[in-house]
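The values are calculated or read from the model by the stated rules, or taken from the named source; none is laboratory data. On a predicted model such as this, the values are computed, not experimentally measured, just so you know. Glycine also receives a Cβ, built like all others from the backbone with ideal geometry; neighbour counts cover every protein chain displayed. Accessible surface is based on the protein model in full, side chains and every heavy atom, while ligands, DNA and RNA are left aside. Shrake-Rupley method; radii C 1.70, N 1.55, O 1.52, S 1.80 Å.
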Amino acid sequence: MSLQWTAVATFLYAEVFLVLLLCVPFVSAARWQKIFKSRLVSLAVAYGNTVFVVLIVILVLLLFGGWVGGARRGLGGLRSLTHPASCSLLRRLVTLISQQAVLGASSEAFRKQAEGASQAARRYMEDNDALRKVAWLAVGLGGEGAPPGTS
């Protein structure tokens, strides 16, 4: 295998490894979100578009070199095609993991808010029942029946 195809294979195997690493089930989306927000990753994102374009140009040049080499040897083109869009797959996967972490955090916040509202409503209903009983007893009609709201 020539040097250019070794470089292409190394690049593609590294991408496959990164995709599989991002899909590991025992690492939560919240953990990935913390990793993505780290200073090192934010530095990589700052230069990410430039690196992405450079890698695409290198892969296209390697692809063109393989096509020319195959045409010279009479192979009629490439034996296999590389697909440089796999970088966009990594970008999309990172975006989806980040969105999942954000949605998980917001749903947890909404759940806690709903539990708090439910507890407050229950407490207000108990206070309301207690006030009704006190008002019933204050009127002096304690012997004529049960206070309202009780059976």
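Within the stretch 24-33, which residues are part of a helix (DSSP H, G or I) and open to solvent by 80 Å² or more (accessible area, probe 1.4 Å)?
If the condition is that a residue be part of a helix (DSSP H, G or I) and open to solvent by 80 Å² or more (accessible area, probe 1.4 Å), then R31 is the only one that fits.
Could you tell me whether the stretch 16-23 includes any residue that is part of a loop (DSSP other than H, G, I, E, B) and in contact (Cβ under 8 Å) with a residue 24 or more places away in the chain?
Within the stretch 16-23 (the criterion being part of a loop (DSSP other than H, G, I, E, B) and in contact (Cβ under 8 Å) with a residue 24 or more places away in the chain), the answer is yes, since at least one residue qualifies.
Which of the residues belonging to the stretch 1-14 are within 25 Å of the chain's Cα centre (by Cα) and at pLDDT 80 or above? Reasoning before the result, please.
So the first thing to find is which residues in the stretch 1-14 are within 25 Å of the chain's Cα centre (by Cα), and the list is 11-14.
Once the filter is applied, which keeps residues that are within 25 Å of the chain's Cα centre (by Cα) and at pLDDT 80 or above, the stretch 1-14 yields Y13, A14.
Go through (1) in contact with a Lys or Arg (Cβ under 9 Å, 6 or more places away or on another chain); (2) at pLDDT below 65; (3) within 28 Å of T95 (Cα to Cα) and name the single condition F52 misses.
(2)
Across the stretch 34-58, what is the number of residues that are more than 23 Å from the chain's Cα centre (by Cα) and open to solvent by less than 50 Å² (accessible area, probe 1.4 Å)?
Residues flagged as more than 23 Å from the chain's Cα centre (by Cα) and open to solvent by less than 50 Å² (accessible area, probe 1.4 Å) within the stretch 34-58 amount to 1.
Quick one: in the stretch 59-91, which of the residues that are modelled with pLDDT of 75 or more and open to solvent by 80 Å² or more (accessible area, probe 1.4 Å) is nearest to Y13 (Cα to Cα)?
Among those residues, the one meeting the criterion is L61.
Among the residues of the stretch 5-43, what is the count of those that are of a type outside the set (D, E, K, R) and within 30 Å of E108 (Cα to Cα)?
Of the residues in the stretch 5-43, 22 are of a type outside the set (D, E, K, R) and within 30 Å of E108 (Cα to Cα).
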